[in-house]
Structures are given as C-alpha cells and as structure tokens.
Amino acid sequence: MNSPNALWRVYLSAVLEHRVIGLLLVAAVLAFAGSQAPKFRLDASADSLILENDDDLRYYREMTERYQEADSVVVTYTPEADLFSDTTLAKLQALQKDLEKVDGITGVTSILDVPLVASPPMSLSQIQQETRTLLSPSTDREMARVEFRDSPLYRNLLTDPAGETTALLATLKSNTEAETLLARREALRFKALETPLSPKEKTELAEVEQRYAAISAENQSDQRGLIKRIRKVLAQHRDGAQIFLGGIPMIAADMITFVQQDIRLFGGLVLVLLIILLGIVFRQLRWIVVPIAVCSGTLLTVVGLIAWQDWPVTVVSSNFSSLTLIITLSLVVHLIVSYHEQEVTQRGATQSELITGTLRDKLAPSLFTTLTTMVSFGSLVIADIRPVIDFGMMMVASVSTAFVLTFLLFPVLTRNLKPRPDLPEHSEVTDGVTHLMAIAVEHKPWLVAAAYAALAIGAGLGVQRLGVENRFIDYFKEDTEIHQGLVLIDKKLGGTTPLDIVIDAPQSYLEEQAAFAEEFGDFGDDLDGGSGISGSSYWFNRFALDTVNDIHAYLESLPETGKVLSMSSSMGLLEQLNNNEPIDNFTLSIMYNRLPPDIKKTLFDPYLSPDGNEVRFALRVIDSDENLNRNDLLNKIHDDLLGKFDLQPDQLHLAGALVLYNNVLQSLFSSQILTLGAVFAAIVLMLWGLFRSLRIALVGIVPTMFAASAILGLMGWFGIPLDIMTITIAAITIGIGVDDTIHYTHRYVAELKGGKPAMDAMRASHASVGRAIYLTSVIITVGFSILALSNFIPIVLFGLLTGLAMVIALIANLTLLPLLLTRVYKNA
C-alpha cells in the first residue's frame, strides 16, 4: 500500500461514505466566511493606483506636506444668463454659502471672494487698507470681467477665457491622524528598503499599517458621504445653470460606487447566466443545482477569505467575483461531462462507481490545471503595481478554494442521485463543432499549420505596436459625470492632471549660505543690506525671478499644458500694484512683509518655500489632448529645463499625479514581459512533471502562447493600450487556456496508452474531453462578455478582450494542439 493510494481511499471514504462530515466541514467554512464578509472593503484611494516603493511617491508626499496641499473638489458653474449679472452672482453666492455649510468642507473659493487689484487699479497702500472683491461696492464689473480673463492667477482657473464658466474650489477637511500615520508608515517602509528594521520597528510598522488601513477605510466612507451631500446641494442649484463636480475625491468616491455596482451586477448576472447556460447544455435540474451550489459556496468562501485577510478590492480586482464563478464552473463542467461519459459507457454502474470513475478521471488533470492557473495568477505579484499584486493574490486564493470545494462538494452533493440510463450520448451542436475541428486537423494539416504561422506573424507585428499611453478621460463612458466634468475642466478651466515642478537653489549656493550663517550667526542678518528675504534667498530677487518668468513662459508654451501657476503669476499681480513697473529687490522685500496675510498666503505660500530657496511651478496637463504622451512630455520638460536654463540635475524635481501615473504606465511593459516569462517557464516545468515528457511540455505551451500573443497583437493593431486592467489579460488567458491544454493532452495520452493510433486518439479526445473544453470555453466567453456593461472602460475592454482570448484558446487547443501532438507521437 503506497501513500497516494492510501490518500485516495481516505478521500473517497470522506466524500462518499462519511459525506455528512464533509457537509459539516463545508458548513463550518461557509459560516466563518459569512462572519467575515461584513469586513469586506473596497479601495479607490491613491494607494491603489501606484507602484510599490516609488521614490517619486515619497518626494511627492514630502512636497505636498511642505506646501500644505489639501484635498479639494471643483464645482463648475455655467449659467444660462451672463456670468457677471446680478442675478447670476446672487445664485452663485447662494450656492457658495450652501456649500460652505456642508459638513466636511472647510472653505470655498470662487470669483466672489478672491482679491481684485485692477477693477479699478489699486496701489500697494490701497490693498493694505482694503481687499476688494467682485461684490465690493467699489468694484467695476466690466473691469472685473477683463481682470478675470487676463489675470495671470485667475484666467483658466476660476473662469474660462470666454467668461461663460466659473469654478468653485471647495477645500475638504483633512484628517491629521491619517496624515501622521501615513508619514510614519512611509518612513518605516523606506527605511526597511535600506536597512533591516529592528523587531520593535517591525511591530510598529505592522501596527501603523493596520491603523492606517482602518482610518483610510473610514475616510473613504466619510468622503463618499461628503460627495453625496455636495451633490445634494448642487441638485438644488441647477435651475438656470449647468453644474458638474470634479476633483480626485469625487473620482475616488465614484470609482468605489462603480466597483460596488460591478461586483453586484456581474456576480448576479453571471450567476443567472450560468443557470441559463447549464439548463440549455445539460437540460437536467441536477446539473443546474449542483454547479450553482458549488459556485455559490466558493464565492462566499472567497469573499470571507478576502475580508479576513483585509485585502482591499480595487477597480482591478473588482471582477474577482465573476472570475471565481467562471473558474469554479469550469471545474464542475469537466466533472459533469466526465460523469456523463461514465453513465454512457458504464450502463448499470452504481452511483458510487460513477462518481469514483469521474473523480479518478479528472482529479489529476484538474489538480494540475488548478496549479497552473494559480501559477499564472501568482505571476502578477512581480508586476510591482499594488492593485495588480492584490488581484493576483486574490485569484490564487480563489482558484485553490474552487478546486478544494469542487472536489469536496461535487461527490457529496451527487452521492444520492440516481443514474439516468436513458441519457443521450451526444449533443449535436457541440459534437458538430468539435468534429469539424478534428476533420481540419486530420485532412488539412498543412493548411492549419500555414494559417497559424501567418496569424503568428501578424500577432508578432501587432505586439510591436502595443503601447501604454492612454487618456484617463477615456476610462469613463461619455454619459458619466466624471467624463463630462473632466472634459469641461480640461477644455475650459486649464486641464485636469496636476504636475508639479520644484526647483531647488544650487547646492553650491546652499553650502555658501550655510558657511556664511556658521561664521556670522545672527549678525549676518545685518549684512544683507536690509533687503530681507530678497537678499537672503536664492529665488526671491529680481535676477532669479526673471529666470522664473522665463521657465513659466516655457511651460505655458507647451501645447499639452493648460494652467500654469508660479511666482511668475504672483509677480504679475504685484507689478499691477506697482503701476505695472518692474519691482526692485528692496520693494520686493517690503511687499513680502507688508502684504495682508490672506493675500500673502495666496501669492507666495504655494510657490515659494519659507526660506526662498525653492520654487514650485504648479501646472495642469490637458488629458483630453489626443497627442498627449506623458512620458515624452515629462522627458522633454526635464531635458529642456536642464539644457535651456542652466539647471543642475539635483536641483530639478518633477512630481504630482502625472508623474506617479506615468510611472505605473511605463512599468506595464516590463511587468508584462516579466509576468509572461515567469508564467511560461513555470507552466513548461509543470507540464513536464505531469506528462514526464519535455516534448509534450513544449508542445502543450504553444496554443496558450499563441492565444496570449494573438490578443496582445490585436490590441496593438487596434491601438488599445496596456493599462492596469488589460495587463492581466495575458496571465488570465494562459491560466485558463492551459487548463484546456492539460485536459486535452491528458485524455489524448490516455487514449494512446489504450492502444489507439495517434489520429484515432485525436478523434476520441475531440469527442470526449473536446466537448467539455467547448462547453467551458463558451460559458467563460459569455461570462466575460457581461463585463461590457461596466461604466469603467478598462473593465469593458478587459471583458471583451479576455472573452475573445478564450475563443482563440479554444480553437488553438482543438486544432493547433492536436496537430502538434499527432506529429510528435506519429514520429515517436
């Protein structure tokens, strides 16, 4: 008695003779999963769309903290009447007041309350005495219209050039505890990259991560509630105006809503669809109830496991529910088809014998298909993209759970069923399709080979055209508020995607300054000629500000950029206060010290460090520009600033959402190559171990390689870029497609061992396991097509392309694979 046989007998005894124990075990697992399910959470935060250990992210967070950048949302307001009329301004004021009352909003900025200096023109002494706004009695409305149109600060920020649309900027309340925890978490994580953490630090990091995750979940829930309250206010003010809500917090809230809708919709629709397909295919209630019970139990268990492990579900992993159902059903359908074959070939056998024969036939290939699918999804952990990594881990858990519950529940649930001796042997449609493919392989082998060779060449050329550049606006359907709001802000209010350019003083200057301070101490303050910050800083002086103006003008000249704000914008406003005359260093220092705090906060704090040795350019990129290539734009800005303005590399820093998102996009190519290389190598080794033949292992990988290459080639030819969703298509195609390869090859080898010639073995395999492959592929394809109903375009493309990949894998496994196998064994 060897160990495998002993384990086999224990397994059969557990599922057939002591099935009550099995049911109780499953019930306990489901009860635990149900208890954990309420902890299931969704995540649409910035952390869910970044690279792991991104240095640019660390700098961005430091910069955001230094310049006190708070979360905000944008409300665009396009009235039917004139924007500057009394009626419109009264409505706008009422809207602003109602927004300011919303719990969670700390302030609202609009054209009504920003300082005006040219409506009519004011001097520095006048602005020290009075801060004039649009609603001030002394304000000339027509001059204000011109000032908003021409102001370096306000144009394309608070109003569009035509003066038809305005924006209200609502600042959201920040969570200081979350910010503190985030800073500590990042400090510990980056320290861990350089040197091992002490046990105390490891414990602290775990505690900080856990606490930050909990607070982040609370914040996202609070923020969704805030967005709902804001929208409720906006709904009350739409009379006579077109209003849109924009901003990253709104996008994050809507993304979670999309994910919630997709999970409910896809899970429910796929379940209904599976019931319909099972009814059409098998036409027996038993083969509807059993698969659905197994699929439902598996899905509940996976949801509980995800909640227990505290894996946040993102847009990328939101389709885990439909994938889990599809993969589970694929396993069950193979068992049903094998059971049906047992019924037909072993008339008069008992139910226990039929189940035993089915399990013996399918346990080994199903185990290997499960392992290969797990390897395929597991390869995603090397992608270095957090949501892709989490998705891979979730699906590894899902696939393993599906295998265990399928081979536990299927025999337990079918044990008391009675065989049906009147069952028909064949399905005309299924047999017709598989028979045609067998005929093509047998009678037109060279035509089949030539077709695949031509298609492979076309796929290879298409892969070379594959890109990663995609517009964030295109992620959303045109009828969604996100899309409409982004387009309006993009076209009328200076762009949507933020990019920050921070330039330090040269290192040599900082070293000289430090040496000067060390030598003279406080006495050095009296040696700067009384010019204050303009004498002690690198950037806040007439000469350096001329360079800032030149850099600002260069950035504005780029066709991809919209609104640009910097000290150049502020100086333009100050020169208006100085009768449009250039300002010398002495006057600069006086203005800096005497300006009212609210104006100083607006003009200086966002663009100049307190010591004056660092300047910041805040610009927004027009995401809807069809010619936008983020990587090329960032490289151009970087190279031009170094080359044209005599800057040193260590002075220049590019940061912001554009940089972080571009880093993700640029990593997609390398991630795709690493993922495919790892998964192909692992699967070849597993096929080699299963079939004890390197030739079969190399042949077996070819159909799946072709399917994955074909779908990537089609994406290249049709200009569909890789993104955080489509990068997973190849891994899924391999993981699911190779399942069919293993089932077919396993049956083919078994037929050969039974004494049949290579071609007869091929025909027998098509007539048996080919039917299961056809049925599972149809079910999987239709299941993925459900994803086309999503509001998130990457998920739509993911569903359609993955469904198409399954069709290609089906055809390749029933034509190319048998063609190669028959040649291998014919020449053996």
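The values are calculated or read from the model by the stated rules, or taken from the named source; none is laboratory data. Predicted model, so just to flag it, every value in this text is computed and none were measured. As a convention, Cβ positions derive from the backbone with ideal geometry for all residues, glycine included, and neighbour counts pool all protein chains shown. We work out accessible area using only protein heavy atoms, side chains counted, and drop any ligands, DNA or RNA first. Shrake-Rupley method; radii C 1.70, N 1.55, O 1.52, S 1.80 Å.
Quick notes
- Expressed to the nearest 5 percent, the antiparallel share of DSSP beta bridges inside the chain is 95 percent.
- Longest DSSP-loop-exposure-free segment, trypsin sites (Lys or Arg not before Pro), the chain, at most 15 other Cβ within 10 Å: 478-691
- Charges were assigned to the Cβ only: +1 to each Lys and Arg, -1 to each Asp and Glu. The resulting dipole of the chain about its Cα centre is roughly 5340 debye.
- Restricting the GluC sites (Glu not before Pro) of region 565-637 to loop positions (DSSP other than H, G, I, E, B) with no more than 15 neighbouring Cβ atoms within 10 Å leaves Glu626.
- The alpha-carbon of Lys753 sits under 19 angstrom from the alpha-carbons of these aspartates and glutamates, leaving out residues fewer than 8 places away in its chain: Glu341, Asp361.
- Helix 758-767 axis versus longest C-alpha principal axis of the chain: approximately 70°, rounded to the nearest ten.
- Computed from Cα positions, the angle between helix 585-594 and the longest principal axis of the chain comes to roughly 80 degrees.
- Per residue, the average separation of C-alpha pairs within less than 8 Å and at least 6 apart gives region 720-797 a relative contact order of 31 percent.
- Asp150 versus Leu685: modelled label distance in nm, points set 7 Å from Cα along the beta carbon direction: 7.1 nm
- Nearest 10 degrees, 0 to 90: helix 729-753 Cα axis against the chain principal axis: 10 degrees
- Packing-based order for 709-715, 313-319, using average beta carbon neighbours within 10 Å, highest first: 313-319, 709-715
- Label zone (Glu142, point 7 Å along Cα-to-C-beta; backbone nitrogen cut-off 17 Å) within region 78-98: 82-86.
- Taking 0.36 nm per residue of separation and subtracting the current Cα-Cα distance, fully stretching the chain between Lys228 and Thr171 would add 19.0 nm.
- Principal semi-axes of the equivalent ellipsoid, √(5λ) from the alpha carbon gyration tensor of region 173-221, are 23, 11, 7 Å from largest down.
- A Förster distance of 35 Å, applied to the separation of the beta-carbon atoms of Val289 and Thr257, puts the FRET efficiency at 0.55.
- Bridging of Lys644 to lysines at a Cα separation below 27 Å is possible for Lys563, Lys636, once same-chain residues fewer than 8 apart are set aside.
- Taking the chain and dividing mean pair separation by its residue count, relative contact order in percent (alpha carbons under 8 Å, at least six apart): 18 percent
- Summarising the label geometry, the points placed 7 Å from Cα in the beta-carbon direction at Leu789 and Asn5 lie 5.2 nm from one another.
- Placing a label point 7 Å from the Cα of Ala178 along the Cα-to-Cβ direction, the residues of region 83-114 whose backbone N falls under 17 Å from that point are 103-107.
- Per residue, the chain exposes 42 Å² of solvent-accessible protein surface, assessed with a 1.4 angstrom probe and all protein chains in place.
- Charge dipole of the chain about the Cα centre (unit charges at C-beta), most positive-ward option of Val375, Ala710, Val807: Val807
- Mean residue ellipticity at 222 nm, helices only, the chain: -22000 deg cm²/dmol; runs of at least 4 DSSP H residues each add -39,500 (n - 2.57), and the sum is divided by the number of residues.
- Ala515-Ser352 FRET efficiency (beta carbon distance; Förster radius 60 Å; 0.05 resolution): 0.10
- Once you reduce region 586-653 and region 58-132 to the center of their Cα atoms, the two points are 22 Å from each other.
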